[in-house]
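One structure is given here, and the rest of the page talks about it.
The values are calculated or read from the model by the stated rules, or taken from the named source; none is laboratory data. The shown structure was predicted, so the numbers you read here are calculated from the model rather than taken from an experiment. Every residue, glycine as well, gets a Cβ built from its backbone with ideal geometry; the counts of neighbours run over all protein chains shown. These accessible areas exclude ligands, DNA and RNA; they are computed on the full protein's heavy atoms, side chains included. Shrake-Rupley method; radii C 1.70, N 1.55, O 1.52, S 1.80 Å.
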Amino acid sequence: MLVPSWQLRSFLLTQTRCFRRNIHASSTLRLENTPKKDVPAPPDPKNKPLPPLSRPLGVRQRPTTVARSRAERVKDYLQTENLEAQRRHLVKEATKGYFHDLNMTRKHGGKTWIAPKVLIREDKALYLPNLTGSSLDDGTKKDTTTMCFGRITALAILGTQISEAHAQSFTYRTNARYGQNPLYQYVQINVQENLLKAFLVKLYARSLRVTVPKGQQPNYLISSQNLEYLRDPMGMTNSKVGYVYLIDENLRIRWGGSADATLQEAESLENCTGVLLKRLEEKNAAKDTETSKETPKEAQESSKAPS
């Protein structure tokens, strides 16, 4: 008996579908019965270790207190290197959100690098830019170029209340050990670039005088200076945290720390400050010795001179 072709095609198609369905079911059961391997979770960026400070901080040009003329400022502004740097800065700022700094505090408390364990070499170190402000005690105008020259300075840049705690975590050991040394000083600069915030800080300066020890008030400056183009050279990538720098007698930044200090970082600042103080004391002693040797010669020459 002959089977019609259409019935044969229908039978074969039905059998093929059943066969495919059975293969799919068996493969599904085999996958379900296979023990699943543990897939490692992606690393959490909050737990990623922080890199050490990889470059010197500061500016290449030695700071000065001499006011620059308008022609000099225009000439510097039109230089190709300065225009490219400003363009890069504007592009970088345009890609940041309004809450960028606040969101970055969720990762390591806003800390972006680990402070060095040793001093930055003098021939590689860059200069501290000239920062100005009014002292907390009597409101006189002061600048870091005049204050820091010839002395070893631990400089703290503050902007928020939490930044004051950050600076304290770095400097408490150093201030306790070297606070009485005449060649050492601790300078704090409360920077408020927003005009309204700057006005409020000056308005409540009396409450600041209560919290800041009286001996530190002459070296506590309230500043409204615009640091927009100085933040990147100084490594101040987050305006919500505090930054501490160690400045030598020649206004070079020899060490830097950011955000909340670890025990190793606080000890590093203390040790590096001691090294700079020892070198400065030896340098001053050598100068005094040379001066004392030259004095008798000058006295003899003056006695031989004709009247």
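The one condition from (1) open to solvent by 10 Å² or more (accessible area, probe 1.4 Å); (2) within 27 Å of Lys202 (Cα to Cα); (3) in contact with a His (Cβ under 9 Å, 6 or more places away or on another chain) that Gln225 does not meet is (3). Only a single criterion out of (1) under 16 Å from Lys111 (Cβ atoms); (2) among the polar types (S, T, N, Q); (3) crowded, with 19+ Cβ neighbours inside 10 Å is not satisfied by Thr160, namely (3). In the range 108-121, the residues that are closer than 18 Å to Lys48 by Cα form Cβ pairs under 6 Å with partners that are acidic (Asp, Glu), at six or more places apart or across chains, as follows: Gly109/Asp260; Ala115/Glu265.
When the residues of the range 251-282 are narrowed to those that are free of Cβ contacts under 8 Å to residues at least 12 places away in the same chain and farther than 30 Å from Gly109 by Cα, which ends up farthest from the chain's Cα centre (by Cα)? Per the criteria, the residue is Glu282.
Evaluating Pro218 against the criteria (1) in contact with a strand residue (DSSP E or B) (Cβ under 7 Å, 6 or more places away or on another chain); (2) surrounded by 18 or more Cβ atoms within 10 Å (Cβ to Cβ) leaves one unmet condition, (2). Residues to consider are Leu196, Leu246, Leu203, Leu221; find the one that is farther than 21 Å from Pro56 by Cβ and at pLDDT 90 or above. The match here is Leu221.
Which of the residues spanning the range 153-176 are touching a helix residue (DSSP H, G or I) at 6+ places or on another chain (Cβ under 6 Å), of a type outside the set (Val, Ile, Thr) and under 26 Å from Leu280 (Cα atoms)?
Of all residues in the range 153-176, those touching a helix residue (DSSP H, G or I) at 6+ places or on another chain (Cβ under 6 Å) come to 154, 156, 158, 170, 173-174.
Filter once more, keeping what is of a type outside the set (Val, Ile, Thr): 154, 156, 158, 170, 173.
Passing the criteria: Ala154, Ala156, Phe170, Arg173.
Within the range 116-157, the set of residues being surrounded by 18 or more Cβ atoms within 10 Å (Cβ to Cβ) and of a type in the set (Phe, Trp, Tyr) comprises Tyr127 only. Screening Ser239 against (1) at pLDDT 85 or above; (2) under 13 Å from the mean Cα position of the chain (by Cα) leaves a single unmet condition, (1).
Restricted to the range 227-286, and to residues that are assigned to a strand (DSSP E or B) and among the β-branched types (Val, Ile, Thr), which residue is nearest to Tyr184 (Cα to Cα)? It would help to see each step written out before you state the result.
At the first step, the residues of the range 227-286 found to be assigned to a strand (DSSP E or B) are 243-247, 252-258.
Next cut, among the β-branched types (Val, Ile, Thr) only: 244, 247, 253.
Working: Val244: 15, Ile247: 10, Ile253: 15 Å.
Checked the range 227-286; the qualifying residue nearest to Tyr184 (Cα to Cα) is Ile247.
Output the residues belonging to the range 185-206 that are assigned to a helix (DSSP H, G or I) and either free of Cβ contacts under 8 Å to residues at least 24 places away in the same chain or open to solvent by 30 Å² or more (accessible area, probe 1.4 Å) (or both).
Once the filter is applied, which keeps residues that are assigned to a helix (DSSP H, G or I) and either free of Cβ contacts under 8 Å to residues at least 24 places away in the same chain or open to solvent by 30 Å² or more (accessible area, probe 1.4 Å) (or both), the range 185-206 yields Leu195, Leu196, Lys197, Phe199, Leu200, Val201, Lys202, Leu203, Arg206.
The test for being among the charged types (D, E, K, R) and within 15 Å of Gly274 (Cβ to Cβ) does not hold for Arg121.
Quick one: would you say Leu196 is over 19 Å from the mean Cα position of the chain (by Cα) and aliphatic (A, V, I, L, M)?
Criteria met by Leu196.
For the range 122-161, a residue qualifies if it is outside any loop (DSSP other than H, G, I, E, B) and without any contact (Cβ under 8 Å) to a residue 24 or more places away in the chain, and the qualifying residues are Lys141, Gln161. Beta carbons closer than 6 Å, at least 6 apart along the sequence or on distinct chains, never pair a first residue in the range 168-184 that is touching a residue at least 24 places away in the same chain (Cβ under 8 Å) and outside any helix (DSSP H, G or I) with a second that is open to solvent by 20 Å² or more (accessible area, probe 1.4 Å) and among the polar types (S, T, N, Q).
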